[in-house]
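Working notes, structure below.
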Amino acid sequence: MLELDRVTAGYDRGVPVVADLSLAVGEGEAVGLLGPSGCGKSTLARVAALLHRPWAGTVRLAGEPVTGFRFRAPRAERTRVGVVFQQPRLAADPRLTLGDLIAEPARATGRGAELADRAARLADDIGLTPALLGRRPHEVSDGQLQRACLARALLLRPGLLICDEMTAMLDASTTAALAAVVEEYRREHGAALLAVGHDRVLLRRWCDRVLDFPTGR
Amino acid sequence: MNQPAAPPTAVEAGPWHAPRRVRRSTRAARVAFSAALVALAALAVLLVPPLFPLDQQAVDLTAKLEPPSGAHPFGTDEVGRDVLLRSVYGLRVSLVVGLVAALAASGIGLLVGCAAGAVGGRFDRLVMRLVDTFTAVPHLLMGIFIVAMFRPGVWPVIASVGLTHWVSTARIVRAEVLSLRSRPFVDAAISGGASRLRVAVRHLVPAVLPQAGLAAVLMVPHAIWHESALSYLGLGIPAHEASLGTMINGARGSLVTGEWWPTLFPGLLIVVPTLAIAGLAGAWRERINPRRRSELVL
Amino acid sequence: MSRTPSQPREDPPQGRPLLSVRELSVRFLMPGGRPVAAVTDVSFDLRPGECLALVGESGCGKSVLASALLGLLPGNARTRGAALIDTGEGPLDLLTADEATLARTVRGRRAGLIPQSPAAHLTPVRTVRSHLAETVRALRGTPRRELRAAAEAAAARAAFPADHLDRHPHQLSGGLAQRAATALALVADAPLLIADEPTTGLDRDLVDRTVGELRRHADEGHGLLVITHDLAAAERVADRVAVMYAGRVVELAAADAFFGHPGPRHPYAAGLLDALPERSFTPIPGLPPELDALPDGCAFAPRCDRATERCASLPALADGVACHHAREAADA
């Protein structure tokens, strides 16, 4: 599904934070990427989500080399990868209600009406009540907001989900609940998962295989 | 387990306490006072003109330069016209010019700043050089240059202020957009398939609107001062029309001979409402300060 | 799992409580809405040498409780009850004391805060040494010429390496920033330490080290209140655990009994532990109730598999657990 081939990435012409890393996530496979905080694994997650252009190396999605990143990536390629970040507060536009937040990718791709039912069902499956969907990010807890962010990432049925420390800010029960939602989605759609995190026990439990970050083994 | 058996100092469920606060008292009063002054000025310019038409020819040379009295609370000017009535008319011109010019300047600034920040790269560098160029030229001078190209009137003044004052807003907005652009919520929108335009319109512009709006309000007093300055210099509003700047200009001669009222009262009408507007803008700034933004964090 | 830093105490810590929280409630008055009951009737004591971990889901009220104890509640909050801190000259109620008293006698002197994100807690343009020197001067009035030595001693207490003292916050690793913040909290030897989510976002190694250091401070006689959603960290640091749900403490138990044998007695606490990836990794069904629309009875009943009609009445916290169907300590 996803192949990173000798990827080197960084910011502003400094020292690369990801150097010469290769990694592959198979069709329907769940891969955990384990590393300490600040080691560059978030940068790698952004490269894999086509959100950051690497300095060198190739990213292949379903066998095809990716041609561009951020806005330069074709919409069809971008929406094939769903992404959830560590801090839901930063990943949610503070002006949108949770309902609008979840439906945002559908509207952005002109499929708002078509996917309205799916958005509602997804919100329900993920445990968000209609009352919560009318609230804005500052009116809900981190756990509730992260649920909405996960629903947003799953709305367009991505074939690959990238979770960058998705549960680092969350309590045990919410962590297990979000992991179960991802599990269920993957079973239903045969989707692949790249979970980036620092908790070995959690990643072992969640993924088919767990790699250590700097080495990619 | 070391459960506290009997609380040493058990308290009854008493009344609810508010958290103690060191200072907040004067802020509410200050805001209310500013709001009242602004409202008074707005009411005056809206209600007075329909009720008391300003007769431009009401020159009464028998009553020239009368000090403030019951009949003329602000006194009369060098040709016997009522300073109070003319000041209110002058304030109306100033407020309209200030508001329209500030809105125009902020609109241009918002557009330029958003475009520079959102597009980035070479376009951003080009725009910022232009902004630097504008900043390097004293803007009163450039304003004078612009009004000098037209016949005196309200619109040249608005154009002169609007076209010279967008740079600061553009800078503020651009910086804000640049910092927002790398936020995860923009990443999430891109990943969800949003186009560049949609990210700008749906996520970036709404986020900078409060800042741009604040800049616009803060610019109103500034624009009023510019209008007065241009009119005082004889370049803005035509001399025969009542504007605070032209009134002060016309009163120069009488000030030397000790008749202070035709200068002081229009001057106060420039200073007091502009300070009140600035006070309201300050309160708004405190509101949108992110530190105070979300009071309840669960 | 065993608690490596120190074995559980045989005898409960003695002495006057450093902090006595009595029926503390916090309400938020929301514009136009019903009041939000963030914290309701929380009572506990904290003695010297003891570590109490306050755990629960996000939004359960534990951070609001911490803000109340630190005098950092926003203007729309209303409090009831008492939080008495031992000032050395009799108790002082943290909820009603005025700002000047808190600043002069409590913060830093009697209660030190170990913040959630230590790097953000330090001023970026100043070195760790200047932070420490300033705090030492402010809290202890140490004369200028002795400041250098005093700052170094303060750093040593938190195991902050002396050769890193002249670095700026951005030059410190996460672990060292945490130690620097802890050193600041320890400057005036405040008997009470409050740690707000000290392990959030840290990786496992760093969590272990942070927890070990926190435990050491408790062993040296500080009273330590740790607010966390990280049960693994709580297990390693705490003597007692208070589990909060929907603003109330639903279980208050000795940590070794809670995490080991016989285990938690409240069904919510049991569910929370079961959600850990080390255990069955199954979530508690449903979401916590909204704090502006709490049911009259047990707030956990809608999510609880033991719920019966008895749960329509509010269970009181008795013998360390607030549940009509609490598992008996014996039959676990």
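What follows draws every value from the coordinates through simple rules; no lab data is involved. Nothing here was measured: the structure is a model prediction, and the numbers come from that model. Backbone-built Cβ (ideal geometry, glycine too); neighbour counts: all protein chains shown.
Observations
- Only one residue of C:Ala133, C:Ala158, C:Gln116 has its Cα farthest out toward the positive end of the dipole of the range C:116-175, where Lys and Arg carry +1 and Asp and Glu -1 on Cβ, and that residue is C:Ala133.
- Estimated from helices alone, the mean residue ellipticity of the protein assembly as shown at 222 nm is -13500 deg cm²/dmol (sum of -39500 (n - 2.57) over DSSP H runs with n ≥ 4, per residue).
- Charge dipole of the range B:51-207 (Cα centre as origin; +1 on each Lys and Arg Cβ, -1 on each Asp and Glu Cβ, all else neutral): 1040 debye, rounded to the nearest 20.
- Rounded to whole Å, sorted largest first: equivalent-ellipsoid semi-axes of the range C:201-292, Cα gyration tensor: 23, 16, 14
- Working note: Cα atoms of the range A:2-212, range along each principal axis, descending, whole Å: 47, 38, 34.
- Chain A: angle of helix A:142-154 to the longest principal axis, Cα-based, in degrees nearest 10: 70 degrees
- Taking A:Lys41, B:Lys64, C:Lys62 and counting other C-beta atoms within 10 Å, the order from fewest to most: B:Lys64, A:Lys41, C:Lys62
- Span-like helix check, chain B: qualifying full DSSP H segments, with Cα axial length of 27 Å or more and mean Kyte-Doolittle of 1.6 or more, are B:25-51, B:83-119.
- Approximate spin-label separation B:Leu61-C:Asn76, in nm, with each point projected 7 Å along Cα-to-Cβ: 6.7 nm
- The fewest-to-most ranking of C:Thr96, A:Thr109, C:Thr123 by surrounding Cβ atoms within 10 Å reads C:Thr123, C:Thr96, A:Thr109.
- In terms of overall dimensions, chain C has a Cα radius of gyration and Dmax of 20.3, 70 angstrom.
- Test item: C:279-287 mean partner chain Cβ contacts at 10 Å: 6
- Cβ-Cβ FRET estimate between A:Asp12 and B:Arg285, R0 fixed at 30 Å, reported to 0.05: 0.45
- Rounded to 0.05, the FRET efficiency of the B:Trp260 and C:Glu146 pair, given R0 = 60 Å and the Cβ-Cβ distance, is 0.45.
- For the range A:132-198, a Kirkwood hydrodynamic radius built from all Cα pairs, placed in the Stokes-Einstein relation at 37 °C and 0.692 mPa s, yields a translational diffusion coefficient of 262 µm²/s.
- For A:Asp5 and A:Glu27, a Förster radius of 22 Å and the Cβ-Cβ distance give a FRET efficiency of 0.80, rounded to the nearest 0.05.
- Going from the residue with the fewest nearby Cβ atoms within 10 Å to the one with the most, C:His222, A:His52 rank A:His52, C:His222.
- Simple label model, 7 Å out from Cα along Cβ direction - C:Ala103 to C:Thr308, nm: 5.7 nm
- Prolate/oblate/rounded call for chain B, Cα gyration tensor, a/c under 1.5 rounded: oblate
- Selected from A:Leu194, A:Ile126, A:Leu44, residue furthest toward positive end of dipole (chain A; charges at beta carbon): A:Leu44
- Between B:Ala32 and A:Ala180, the simple spin-label model (points 7 angstrom out along Cα→Cβ) gives 5.4 nm.
- Note on the protein assembly as shown: with charges restricted to the Cβ of Lys and Arg (+1) and Asp and Glu (-1), its dipole about the Cα centre is near 1880 debye.
- The range A:1-100 - Kirkwood radius from inverse mean 1/r over Cα pairs (Å): 14.6 Å
- Of the two radii for the protein assembly as shown, the radius of gyration is 1.05 times the Kirkwood radius, both from the alpha carbons; that is the Rg over Rh value.
- Computed extension gain for B:Ala175 through B:Met142, at 0.36 nm per residue and net of the alpha carbon distance, reaches 9.4 nm.
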